[in-house]
Amino acid sequence: MAETTSNAMWGGRFADAPDAIMEAINASIGFDKRLAPQDIAGSRAHAAMLAATGIIEASDAEAMRKGLLTVLSEIEGGTFEFSTALEDIHMNVEARLTEIMGPAAGRLHTARSRNDQVATDFRLWVRDQLDLAEGQLLALLRALLAQAEAGAEWVMPGFTHLQTAQPVTWGHHMMAYVEMFGRDLGRVRDARARMNECPLGAAALAGTSFPIDREMTAEALGFDRPAANSLDAVSDRDFALEYLSVASISAMHLSRFAEELVIWSSAQFRFVTLSDRFSTGSSIMPQKKNPDAAELIRAKIGRIFGAQVALMTVMKGLPLAYSKDMQEDKEQVFDAADNWALALAAMEGMVRDMSANVDALEAAASSGFSTATDLADWLVREAGMPFREAHHVTGTLVALAETRGCDLPDLTLADMQEVHGDITEGVFDVLGVHNSVASRTSLGGTAPVRVREEVARWKEIVG
């Protein structure tokens, strides 16, 4: 989409038609036709501004407006014939506009370049994707909040190293993902605010001598302001890189959650049952119910990560301002956007539909000496031990329970007093998993009362 091109529409600079190989490597219409709505919106805003500033006649601008709407209708209706020979979406639209309204269509390109045109189109497209992601993240947050509220008191094992660590509540675990996806939502909103400036009017790289009104076009396209530097305006792709960065972090969160759903839905864990809508069967094993949606989310994330690396690599060595390398900025972003949107939609559906197996969660929470830390804390509070001594005593009791083939609550008081004489009957008040989670009332803790407070707070945030 650079200004120098072998396309015949650009006149006498080139005598020969492009070689087929050159045409193939140069053309971008195969993918940038996706920018058609944004390209036409930008052209309509530009035409209106040219008329308002007296650069073109109002009658020409009106003919452009009507013609561009006709082109958009044809594209949306599937009747528009895209031409590889015309290279890109800009020239395809302009060529059709010329057929509709005649040579006066050429005045539309006054005071602009394909460089600022594509920078505007692509920025508008990415902005639309950020708006889509915001809505999807809000939907996912609401699904998680519904799960958290329902399971504020359900106990389950909390893990470190995928080993049972301490009991937590289902609600607390769901709220951990609320925090993660809530940060994604914040990043989406931050990125949108930062990228919302308009490159249109920067022209090829130096601005223009025509008396254009850049504030008018920026406002018409919903931007907060025009881009301040013409060189930067046409060469900046930070908005796309930041979009991919936001998408990559969010995708990583989706993948972590998908991994847990794969584990939790297995016969060995049985923590959750995923709905049939997001599972498949086996072609040979009739008993199987596979968490394919979660597995595909986990896999698709690599494409999003790869897109970020690809675009960073394209941009890393480019001098100012525009280089044809930047034609390679879109396909990766398009693919990443499609896969992030699909992964968000699938995860939201799985979370809404999944059922927690409360009995299996509680049974797992009660195993693996999950209340050992509660015992150590009790020894500090009630027996006055230094924590390191309490840690040693608790470890000795865990070893004793292991040799007996039982859990800590199954030891007798006499068993415990053989290890340390200061242990009293009150120790059993902290050894049950429900007592354990109820005691974790510190800010950010797993106690049901804290979970419900956080659910209420986040409901206010997401609306």
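Brief remarks on what is shown
- Carbon + sulfur, % of accessible area of the stretch 347-412 - ligands and nucleic acids excluded, 1.4 Å: 50
- Cα-based helix-to-principal-axis angle, 89-101 vs the chain, degrees rounded to 10: 40
- Cα-Cα P(r), the stretch 140-261, percent of pairs per 5 Å interval: 2, 10, 14, 15, 12, 9, 8, 8, 6, 6, 5, 3, 1, 1
- Debye intensity ratio I(q)/I(0), log10, the stretch 20-110, q values 0.12, 0.13, 0.18 Å⁻¹ (C-alpha model): -0.36, -0.42, -0.76
- Relative frequency of Cα-Cα separations exceeding 19 Å in the stretch 368-431, percent: 15
- Evaluated at q = 0.10, 0.12, 0.14 Å⁻¹, a Debye calculation over the C-alpha positions of the stretch 285-427 (equal weights, vacuum) places log10 I(q)/I(0) at -0.67, -0.73, -0.78.
- Evaluated over the Cα positions of the chain, the convex hull gives a direction-averaged projected area, one quarter of its surface, of 29.7 nm².
- Counted over the chain, the DSSP beta bridges are approximately 80% antiparallel.
- Relative to the longest principal axis of the Cα atoms of the chain, the long axis of helix 170-195 makes an angle of roughly 20 degrees.
- In the chain, the longest principal axis of the Cα atoms and the axis of helix 114-150 are about 20 degrees apart.
- For the set Phe257, Phe159, solvent exposure ranked by accessible area (probe 1.4 Å, protein chains only) runs largest to smallest as Phe159, Phe257.
- Solvent-accessible area per residue for the chain (1.4 angstrom probe, square angstrom): 45
- With a threshold of 32 Å on the Cα-Cα distance, the over-threshold entries among Lys33/Lys66; Lys316/Lys459; Lys66/Lys300; Lys330/Lys459 are Lys316/Lys459; Lys66/Lys300; Lys330/Lys459.
The values are calculated or read from the model by the stated rules, or taken from the named source; none is laboratory data. Model, not experiment: these values are computed from the prediction. Surface accessibility is based on the protein's heavy atoms, side chains included, excluding ligands, DNA and RNA. Shrake-Rupley method; radii C 1.70, N 1.55, O 1.52, S 1.80 Å.
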